[in-house]
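Read the structure below first, then the notes.
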Amino acid sequence: MTTFVDRVELHVAAGNGGHGCASVHREKFKPLGGPDGGNGGRGGDVILVVDQDVTTLLDYHHHPHRKATNGQPGAGDNREGKNGKDLVLPVPDGTVVLDGHGEVLADLVGQGTTFVAGQGGRGGLGNAALASARRKAPGFALLGEPGEARDIVLELKTVADVALVGYPSAGKSSLISVLSAAKPKIADYPFTTLVPNLGVVTAGATVYTIADVPGLIPGASQGKGLGLEFLRHVERCEVLVHVLDTATLESDRDPVSDLDVIEAELAQYGGLGDRPRVVVLNKVDIPDGKDLADMIRPDLEARGYRVFEVSAVAHQGLKELSYALADIVAKARAAKPVQEATRIVIRPKAVDDAGFTVTQEDEGFFRVRGEKPERWVRQTDFNNDEAVGYLADRLSRLGVEDALLKAGARALDGVAIGPEDNAVVFDWEPSMSAGAEMLGRRGEDHRLEAPRPAAQRRRDRDAERDEAQSDYDGFNPF
């Protein structure tokens, strides 16, 4: 059964905002006490947070779909809906968050580092919040905004100071087991180690972490063997340690050619050319291994490598190696710039930034894009004429009407608000730029000419009454 997973695809969905409530206060002797519809609650966010106790992405491999709770709708008597609860997902230190196209969204390093993977939807306003001097009793409320839903990829890159690289069965697992308290699986066949092992080493006053990276063979950078799966785990390491087997039983291999092959794979993977290298000649407790180490050591030192002869089984040369690695790690840490507190950057909008754009995509067809117009459309109940009229008023005040005129739009041209895959399309009527004073009965808007028989009958009766009143006022019997 899989116990270690370092790459998963996660489907996250934040909570939807609750709908606002359209209500009128009623009690004895106060049949129309004014609007009292409450606002809807905010949807919960999906938040990734680094937790040192988590070392694998296994839980998300088994359960890749995660959703936060929705906000509750508002109610009458000015009762606001309950906010949705945020969904907090713990991830290991060193997790990289990618979008579906491979673009890095966040690099989560350090205990408590957070990233909002899905933003909860805003709650809709109730009619009490929408009331104004001209719209005293709105017959509508705003809908809750849908929560953000998207697919992300989580990749784990081990946060270690030292990485042990080398051919399978070179002794990396044995070396990490004697340098630290780690207890990896050790056997005499290739690919014994199927997951990176991490250990903590104390050398004098320096404490550092060491990891062995399995599966590096010729072609690893192109995905052969396990190399491409685990090469990402060396990216964060400060020191690369080549573990070379001086007592290999394979006749077509030797330590120098093994080193050249691994270096070629690291070069093709890229981004590791500036890391200091150390060469460890392992298994020198075997007579043939010691003889081979003495032969190739001058050649390796001539290339500029620091060479250590060790034996993980006989515990030879381990102290010198651990202190040398501690010295390199300490110098690397000292060379890093001092971390400063995260600065809060405020970027005010430009004076001429309207917050939306209008583009002509075809003859007689225009598209409006912008955070506010798209959010307002999502929160509009298109079954309510008054709500649609309110949307028209907001768009007019924002300047969308003027922008469409400047772009060359004419009456009955098609206008889409939103992206291509999720847009609201309507025939533009410039006359819809009037204000709330044109509103009639609650829930209606005279600017919308959709057939409404009952409303038309009421208008006809009102017209007949006005005409009769006018005739009566003009009647003079003398």
Lys/Arg +1, Asp/Glu -1 at C-beta; the stretch 1-141 dipole; positive extreme among His63, Ala106, Ala141: Ala141
For the pair Arg410 and Arg253, the simple spin-label estimate (label points 7 Å beyond Cα toward Cβ) gives in nm 7.8
Can you list which of the chymotrypsin sites (Phe, Trp or Tyr not before Pro) found in the stretch 8-115 are DSSP loop residues with at most 10 other C-beta atoms within 10 Å? Phe29
Output the relative contact order of the stretch 1-108, whole-number percent, from Cα pairs under 8 angstrom with separation of 6+ residues. 32
So which of Lys157/Lys283; Lys283/Lys319; Lys157/Lys319; Lys283/Lys331; Lys30/Lys136; Lys136/Lys372 end up more than 21 Å apart, counting from Cα to Cα? Lys157/Lys283; Lys157/Lys319; Lys283/Lys331; Lys136/Lys372
With a point put 7 Å past each Cα toward its Cβ, work out how far Arg150 is from Gln316 in nm, to one decimal. 5.7
Relative to a virtual label point 7 Å from the Cα of Arg397 in the Cα→beta-carbon direction, which members of the stretch 100-136 show backbone nitrogen distances below 18 Å? 124-136
Might you tell me the accessible area per residue for the stretch 1-65, computed with a 1.4 Å probe and given in Å²? 53
What does the net charge come to around Trp428 if you take all other residues with beta carbon closer than 10 Å to its beta carbon, with K and R at +1 and D and E at -1? -3
Thinking of the stretch 368-434 as a set of Cα atoms, what percent of all their pairs are more than 13 Å apart? 64
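The values are calculated or read from the model by the stated rules, or taken from the named source; none is laboratory data. Just so we're clear, the structure is a prediction, and the values are computed from it rather than from any experiment. Cβ sites come from the backbone with ideal geometry, for glycine too, and all protein chains shown count toward neighbours. To get the accessible areas, we keep the full protein, side chains included, count just its heavy atoms, and leave off ligands, DNA and RNA. Shrake-Rupley method; radii C 1.70, N 1.55, O 1.52, S 1.80 Å.
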